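First the structure, in the form of structure tokens, and then the observations on it.
Nothing in this text is a laboratory measurement; each read-out follows from the coordinates by a stated rule. Quick caveat, the model's predicted, so the values are computed rather than measured. Positions of Cβ are generated from backbone atoms using ideal geometry, with glycine treated the same way; all protein chains shown enter the neighbour counts.
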Amino acid sequence: MALIGKIRKNSWLMIVVIGLALAAFIIMDMTSSSKLGGGGQSMSIGSINGKAVDWNEFQNAEQLVYGNSSDVFGRRSALWNYFVEEAIVSDQAEDLGLSVSKEELMELQFGANPSPVIATRFMNPQTGQVDVNQLNQIKQQIEGGTMTPDLRRYWAHQEKEIVKDRLQYKLSTMVSKALYTPTWMVEQTFGDKNQKATLDYVKIPFADIDDSEVSLTDADYQSFLTANKGKFYSEEETRRVEYVVFDVLPTSADSANLRASLNESITQFRTTTDVAAFAEANFGTASKQWLDISTLPANIQDQARTLPIGGVYGPFIEGKNYRAMKVVDRKMVPDSATTRHILINATDPLSFTTAEQRIDSIKTAIEGGASFADLAASLSQDPGSAQNGGKYENIPPNQFVPEYGDIASFGNIGQLYSVRTQYGVHLIEPLSRYRNSTERVQLAYINQTITPSEDTQSRIFDEANDFLANNRNLSDLNASVASKGALSVQTSPSVKSNDYVLGTLGNGSDARDIIRWAFDANTDVSAVSPAVYSFQDQADYYINKYVIAGLKSVQAAGMPSLANIKDEIEAQVRNQKKGELIKGKISNNNLAAVASQFSVDVEEAADVTFESQFTQGLGNEPKVIAAAFNTAVNGVSQPIIGNSGVYVVQVKNKPAAGAPLNIPQLRKEASATTQSQIRTSLMQAMRKEAKIDDFRSQFY
């Protein structure tokens with residue numbers, strides 16, 4: 001009671017305390033609004049030179065630009081690269097006073113030389129050209145203020161992409177203008193490309209030395225790493241994962257049940273009047289192409305030739321499917337035909353109606369005596385034939401869409417046909433046919449993929465879970481696998497925190513989940529995943545494997561430790577040791593004697609240039625090529641440890657390339673080659689200098 005009395009007497013103090021508490025709560029709420037729920041993680045997925053990339057903005061851009069892409073992690077990687085490059089480019093452009101004006105931006109979107117962004121996204125697939133009509137419609141919507149909200153958001157983001165691309169072009173151009181190829185470099189490049197040598201060589205393959213003949217020490221590994229720093233140095237921390245795969249395969253009972261199911265469908269397949277719809281409903285196809293029977297798989301050729309029209313053959317196994325085949329039609333089809341046509345493009349019901357009206361008018365004009373060739377040249381929207389009077393000569397079966405092909409193969413010569421296809425409306429006139437004909441068929445199929453049943457999937461999942469429960473660290477897991485002949489432990493290559501490809505498991509969300517677990521701060525080396533990971537077959541959408549993963553190693557940024565890299569480089573280090581052993585055994589510089597010593601042949605390589613990436617016989621052996629061009633004619637090289645063995649080379653002929661005749665032209669060509677690499681190289685250099693904080697792995 002005394003306490004309550006004191007509170008009443010000092011009520012002003014309580015008001016202050018409550019007010020402070022409320023203020024603190026509000027401030028905390030404001031602060032946490034920029035955090036992810038409960039995790040204390042910032043809503044920024046990264047920053048570039050202090051410019052944050054907001055997660056919500058990133059998601060919105062992903063949906064706007066890549067909403068139709070199924071490659072989730074690939075598109076996110078591309079989008080992250082855009083945000084990084086946009087921040088870097090805008091900083092550099094601001095420092096240099098570069099910009100893109102409103103007039104320039106409009107020209108890049110709707111002008112005669114559009115931005116590569118526009119050229120890529122608004123290309124007409126039929127013509128391979130920018131779809132000017134579509135762009136003009138969008139321009140009218142912008143000017144009239146009639147754009148839909150979604151299109152407005154998409155276009156606003158696209159304008160940022162266009163500005164970034166243009167500024168990057170300006171930066172690259174500035175650097176390119178500063179490049180100069182001196183005369184000595186032009187002459188050297190000319191010689192590297194044009195001086196040709198003929199070599200005799202002996203190759204002693206590494207495989208000729210048994211593995212037991214060499215022993216590897218830590219010093220050998222370290223020496224190899226030191227000599228190959230550029231290959232193994234990493235700017236980021238990497239980790240390696242060991243994993244056990246439980247494959248989910250169909251049982252004989254699963255297969256029998258699926259065969260019985262297909263047999264039930266075959267009864268309806270024989271009698272259905274809508275073959276195409278029935279085939280599609282049963283995971284098959286009904287092609288309108290005319291197929292040459294002799295090119296069909298051998299196991300169905302006889303049936304395709306002898307079954308009556310409407311006859312069905314099956315079930316038979318093809319790949320991982322039970323299939324049944326129906327002969328829809330059979331005809332003698334000419335081996336080629338010549339036609340001419342006029343196309344009016346159409347993509348929707350209204351445009352098809354308009355196109356049909358135009359084709360009818362054109363047909364009437366031709367029947368009235370107008371020139372087909374002249375009208376095709378002036379009106380046809382098929383650039384492939386318009387300038388040839390609409391003519392396509394010697395068309396083989398199935399080259400064009402079926403509706404066109406049927407008129408070409410079976411329509412009356414000289415008659416005009418109005419035909420709809422996926423491209424629009426055609427006016428087609430068959431002109432001639434090659435006399436030889438081949439018996440061809442139209443076939444339909446229904447399929448039943450041989451996949452494991454849900455019971456089988458559940459049984460394997462239970463096995464994997466039992467295995468996981470009994471093996472909670474990598475030592476136990478490896479020991480258990482060693483005792484079970486059906487299983488094996490696989491080791492992934494080194495992965496980074498944002499990778500989404502994991503060894504033989506491939507890419508996708510399942511592989512990404514394992515990588516995220518491996519990089520979790522609470523995951524210790526030798527720990528085994530707390531759960532079994534499920535991998536789905538991307539074609540048939542069933543669980544095709546269960547995976548148990550363990551964290552094998554953690555490697556900090558920089559050069560890897562021997563413990564973490566040994567098994568990756570063991571084969572290369574062993575080959576190096578074998579090469580040194582072989583070199584030590586070679587005491588003669590006579591090729592015939594060396595060949596005899598190791599029971600190999602003396603071989604020849606002709607027309608070898610210093611720039612040769614791959615040489616017939618030699619393969620990819622840059623050290624051998626370099627040694628050859630540093631050896632005098634008739635001289636014999638010292639033994640060279642190459643990529644696949646030890647080589648001894650004798651130069652038979654190496655005439656000089658001669659003097660370049662047109663230095664200015666060669667300088668221009670050499671500079672063009674270098675300039676073509678500027679955009680990529682410049683961005684790589686700017687990224688290396690930028691301060692990039694990457695938190696993506698905390699979000700996905």
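Tabulated data for the structure shown
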| quantity | calculated |
| --- | --- |
| Flag if D247 is closer than 29 Å to V532 by Cα and either among the charged types (D, E, K, R) or surrounded by 15 or more Cβ atoms within 10 Å (Cβ to Cβ) (or both) | yes |
| All positions within the stretch 417-449 that are of a type in the set (D, E, K, R) and outside any strand (DSSP E or B) | R435 |
| Enumeration of residues in the stretch 391-411 that are over 20 Å from A373 (Cβ atoms) and assigned to a loop (DSSP other than H, G, I, E, B) | P396, P397, N398, Q399, V401 |
| Meets criteria (β-branched (V, I, T) and in a helix (DSSP H, G or I)) for V53 | no |
| Test: residue in the stretch 593-612 that is on the phi > 0 side of the Ramachandran plot and either assigned to a helix (DSSP H, G or I) or among the acidic types (D, E) (or both) | yes |
| P125 vs. criteria in a loop (DSSP other than H, G, I, E, B) and within 23 Å of M683 (Cα to Cα) | no |
| Hits in the stretch 80-122 (condition: of a type in the set (F, W, Y) and part of a loop (DSSP other than H, G, I, E, B)) | F122 |
| Positions within the stretch 365-395 being on the phi > 0 side of the Ramachandran plot and in contact (Cβ under 8 Å) with a residue 24 or more places away in the chain, in sequence order | G389, G390, N394 |
| Filter result for the condition that a residue is small (G, A, S) and in contact with a strand residue (DSSP E or B) (Cβ under 6 Å, 6 or more places away or on another chain), over A197, A219, A178 | A197 |
| Test: residue in the stretch 339-356 that is outside any strand (DSSP E or B), on the phi > 0 side of the Ramachandran plot and either crowded, with 21+ Cβ neighbours inside 10 Å or not aromatic (F, W, Y) (or both) | no |
| Residue under evaluation I362, criteria (1) closer than 26 Å to V401 by Cβ; (2) under 36 Å from the mean Cα position of the chain (by Cα); (3) in contact (Cβ under 8 Å) with a residue 60 or more places away in the chain, criterion not met | (2) |
| Pairs where the first residue, in the stretch 647-660, is closer than 12 Å to L199 by Cα and the second is surrounded by 14 or more Cβ atoms within 10 Å (Cβ to Cβ) and acidic (D, E), C-beta under 6 Å, 6+ apart | Q650/D200; K652/D200 |
| Residue ID - farthest from E580 (Cα to Cα), chosen from residues in the stretch 614-646 that are touching a residue at least 12 places away in the same chain (Cβ under 8 Å) and in a strand (DSSP E or B) | G619 |
| Any chance Y546 is over 24 Å from G230 (Cβ atoms), touching a helix residue (DSSP H, G or I) at 6+ places or on another chain (Cβ under 7 Å) and not in a helix (DSSP H, G or I) | yes |
